[in-house]
1. Which residue, of Ala116, Ala67, is under 20 Å from Val156 (Cβ atoms), at pLDDT below 90 and in contact with a His (Cβ under 9 Å, 6 or more places away or on another chain)?
2. Here are some conditions: (1) modelled with pLDDT of 90 or more; (2) surrounded by fewer than 17 Cβ atoms within 10 Å (Cβ to Cβ); (3) among the hydroxyl-bearing types (Ser, Thr, Tyr). Ser100 meets all but one. Which one does it not meet?
3. Identify, by number, the condition in (1) crowded, with 18+ Cβ neighbours inside 10 Å; (2) farther than 30 Å from Thr155 by Cβ; (3) at pLDDT 80 or above that Val284 doesn't meet.
4. Taking Thr47 as the residue in question, decide whether it is surrounded by 21 or more Cβ atoms within 10 Å (Cβ to Cβ) and touching a residue at least 40 places away in the same chain (Cβ under 8 Å).
5. Name the pairs whose Cβ atoms lie under 7 Å apart, with the first residue in the stretch 253-278 and more than 24 Å from Ala175 (Cβ to Cβ), the second surrounded by 12 or more Cβ atoms within 10 Å (Cβ to Cβ) and among the aliphatic types (A, V, I, L, M), and 6 or more positions between them or separate chains?
6. Show the residue pairs that are 6+ apart or on different chains and have beta-carbon atoms under 6 Å apart, the first residue being within the stretch 31-42 and small (Gly, Ala, Ser), the second being surrounded by 14 or more Cβ atoms within 10 Å (Cβ to Cβ).
7. Anything in the stretch 49-99 that is under 24 Å from the mean Cα position of the chain (by Cα) and charged (D, E, K, R)? List them, or say none.
8. Give the residue, chosen from Leu216, Leu249, that is closer than 21 Å to Gln76 by Cα, aliphatic (A, V, I, L, M), touching an Asp or Glu at 6+ places or on another chain (Cβ under 7 Å) and surrounded by 15 or more Cβ atoms within 10 Å (Cβ to Cβ).
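The values are calculated or read from the model by the stated rules, or taken from the named source; none is laboratory data. Everything numeric in this text was worked out from a predicted model, so none of it was measured. Positions of Cβ are generated from backbone atoms using ideal geometry, with glycine treated the same way; all protein chains shown enter the neighbour counts.
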Amino acid sequence: MTTAATETRTPTQTRAYREGRLVAHGFPLADVSDHLERDCTVWVDFTDPTAADFAQLEDELDLHELAVEDALNAGQRPKIDHYRGHLFAALYDVDLDAGSGVLTTSEVKAFVTPHALVTIHHPEFDVAQLVAAYDQNAELAAHGVSFLLWGLLDTVVDRHFAATDGLDDAIEGIADDLFDPAPRTVDVQKRSFALRKSLVQLRRVSAPMREMVNTLLRRDLHDVDPVMQPYYQDVYDHVLRVAEQNDSLRDLVSTILDTNLALQSNRMNDVMKKVTSWAAIIAVPTAITGFYGQNVPYPGFSQVSGFVTSCVLIVAVGGLLWWQFRKRDWL
């Protein structure tokens, strides 16, 4: 059964499940209450809804005004709030640019009622991934809103996981560049800073997910169907892995920055040793030619033998110094 699509400027998706089967999709927002009266589980998805959309949604699902206010205002911290008759969740999808290492975040909000899930997001969120998660796990649809909410959490956490893996690969690339024969100090510093900033952003949006999922796992609150508990536990494990890997990567980036500074210091020491060694070698002919440039008689004065002697001394002493510096790895 498929009903006519809603005539609204706000992009929406709607689905209705009954007894684990998809019985309707693409129906108008005004029909949500009708499907709920038929014991259906409903999913409504909004992309950048207007205040009018929220007003209609508030009437359809009897949402708390504070939850609606949070949904209207951007910049909410990741959280899950309990209201009488429904929950309100705020979380963040992430996307990593592998080339630059820049992480972008996109806010996703959800109203969770006993028989409906309403998701609200910006166009940056790839809702097709969420739809794919529902379709690929259709056998769990019989568990109602617990299934819909799990699909949302699992999709977002998987995106966090993918971003963490991408950051890991990028950091490994920087580690390889550290010991490149042609040092790229400025490039390493820029990329390290960008990745460190992305790790901080990822931690800011992923760390609170631990508390969110842990709250849903509390059996005394009865927020989740018991059959879906293992699936939520799996999401919780992924959240922990993202948090642990994020901390490890932050330590690794700090180590890379410290190593880069140490390598710069070592290269500077090498340069200073070479400059000092060559200065010592150059000082020898300066001293010898200065001695032979005296305007007083000395052995070989104004004779070819004096010139030959000075040249031999310059070459011999300079060569001796060069050999000694090479032996000590100063050149």
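1. From the options Ala116, Ala67, the qualifying one is Ala67.
2. The one condition Ser100 does not meet is (1).
3. (3)
4. No; evaluated as a whole, the condition is false for this residue.
5. Taking only residues 6 or more apart or on different chains, the pairs are Lys274/Leu331; Ser277/Leu331.
6. Ser33/Glu60
7. Arg77, Lys79, Asp93, Asp95, Asp97
8. On the way: Leu249 fails: closer than 21 Å to Gln76 by Cα.
From the options Leu216, Leu249, the qualifying one is Leu216.
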